[in-house]
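All remarks here apply to the structure that follows.
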Amino acid sequence: MEQLINLFTRLGDLLTLLLDYPFGWLLRLNHDVAIFLIALGTSLMMTLARRWFTNQERLHRCKNDLGRLKALKKIAKKAKDKLAVENNAGTVGLVKMIQMGAEGRALLFSIVPVALLATWAWQRMAYIPAPADKPLAIRAYFAPSALDRLAWLCPAPGLQLADGNYVQRVRSIASDPAKPDSKDPMAVWNIKASPSVHDLDLCIQIGDQVVHHPCQIGLSTYATPIVEHTDGPIITTEAVLVDPKFLGILPGFSQYGFGSWLIAYVILASIFVPLLRKVLKVY
């Protein structure tokens with residue numbers, strides 16, 4: 001099972017590395033600015049797909065027809081003409097069916113580039129990369145049976161400890177400062193990397209179980225911060241990265257997979273799509 005998980009993880013990492021070529025320049029920008037541009041780019045792709053792959057003249061007529069039908073509906077209601085109101089509703093339904101068909105066609109041609117950009121953003125925007133001048137906390141979470149056992153972080157070229165020892169005793173520690181009463185068996189190492197080293201393959205061992213955790217320090221990118229493990233007392237390993245709030249205020253729900261960046265991305269895209277349609281006169 002762990003081998004299958006690692007395979008999918010490597011495939012996802014490979015796709016992200018390939019997408020760094022067209023999108024990697026965004027990582028040199030302020031985090032909030034990058035999210036703003038990603039949402040704008042997504043909205044622009046969806047808008048242009050609608051312009052290029054739908055019959056804009058027909059959709060323009062549909063918009064005008066709906067406006068006229070709305071006015072006729074008011075007149076029919078005022079005259080209490082039930083038959084006219086019913087006929088009006090049927091015609092509105094037919095016009096909206098045409099619009100829905102156009103929506104599906106635009107989605108068909110935009111879904112691949114939008115999905116690629118969103119996938120890349122999912123891997124690159126969720127956290128702030130670990131800086132080279134600050135310690136990075138590495139956590140290993142264990143099954144309850146591992147409590148009080150010894151676990152160790154294997155020494156490796158370029159790996160330095162900011163404090164503490166390579167050997168740690170598994171303790172019951174609060175993993176969430178907001179929930180001090182909720183504690184998990186874990187061991188924590190605060191690490192740094194040598195100035196010439198940025199990619200680390202961390203090796204953590206307890207008893208016969210040995211797990212690996214990729215880590216990047218001092219780069220504009222980060223490796224997968226949370227790695228699941230099986231077949232042993234080590235359940236999860238984590239590089240504790242900062243999950244930033246958009247504009248410093250927008251909260252996220254990372255425990256449910258909805259970080260602040262994702263909520264901001266959805267909100268911005270929902271604003272940009274109708275705005276771009278209006279500015280570019282796309283129907």
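The values are calculated or read from the model by the stated rules, or taken from the named source; none is laboratory data. It should be emphasised that the depicted structure is a prediction, and the values quoted were computed from it without experimental measurement. Glycine also receives a Cβ, built like all others from the backbone with ideal geometry; neighbour counts cover every protein chain displayed.
Within the set Leu59, Leu83, the sole residue that is in the same structural domain as Leu276 (by TED's automatic domain parsing), touching a residue at least 24 places away in the same chain (Cβ under 8 Å) and part of a helix (DSSP H, G or I) turns out to be Leu59.
Scanning the range 216-253 for residues that are free of Cβ contacts under 8 Å to residues at least 24 places away in the same chain and of a type in the set (Gly, Ala, Ser) yields a count of 2. Could you go through the range 153-171 and let me know if any residue there is of a type in the set (Gly, Ala, Ser), buried (at least 19 other Cβ atoms within 10 Å of the Cβ) and not in a loop (DSSP other than H, G, I, E, B). No - not one qualifying residue is present in the range 153-171. Can you confirm whether the range 188-204 contains a residue that is outside the structural domain of Ala49 (by TED's automatic domain parsing), out of contact with any Ser or Thr (no Cβ under 8 Å at 6 or more places or on another chain), assigned to a loop (DSSP other than H, G, I, E, B) and within 30 Å of Leu37 (Cβ to Cβ)? The answer is yes; a qualifying residue exists.
Taking the listed residues Leu66, Leu59, the one that is within 18 Å of Pro274 (Cβ to Cβ) and in contact with a Phe, Trp or Tyr (Cβ under 7 Å, 6 or more places away or on another chain) is Leu59, with no other qualifying. Just so you know, in the range 122-136 the residues that are surrounded by fewer than 19 Cβ atoms within 10 Å (Cβ to Cβ) and either β-branched (Val, Ile, Thr) or under 13 Å from the mean Cα position of the chain (by Cα) (or both) include one that is nearest to Lys245 (Cα to Cα), and it is Ile128. Hey, does the range 241-256 have a residue that's among the β-branched types (Val, Ile, Thr) and in contact with a helix residue (DSSP H, G or I) (Cβ under 6 Å, 6 or more places away or on another chain)? Looking for residues that are among the β-branched types (Val, Ile, Thr) and in contact with a helix residue (DSSP H, G or I) (Cβ under 6 Å, 6 or more places away or on another chain), one finds none in the range 241-256, hence no.
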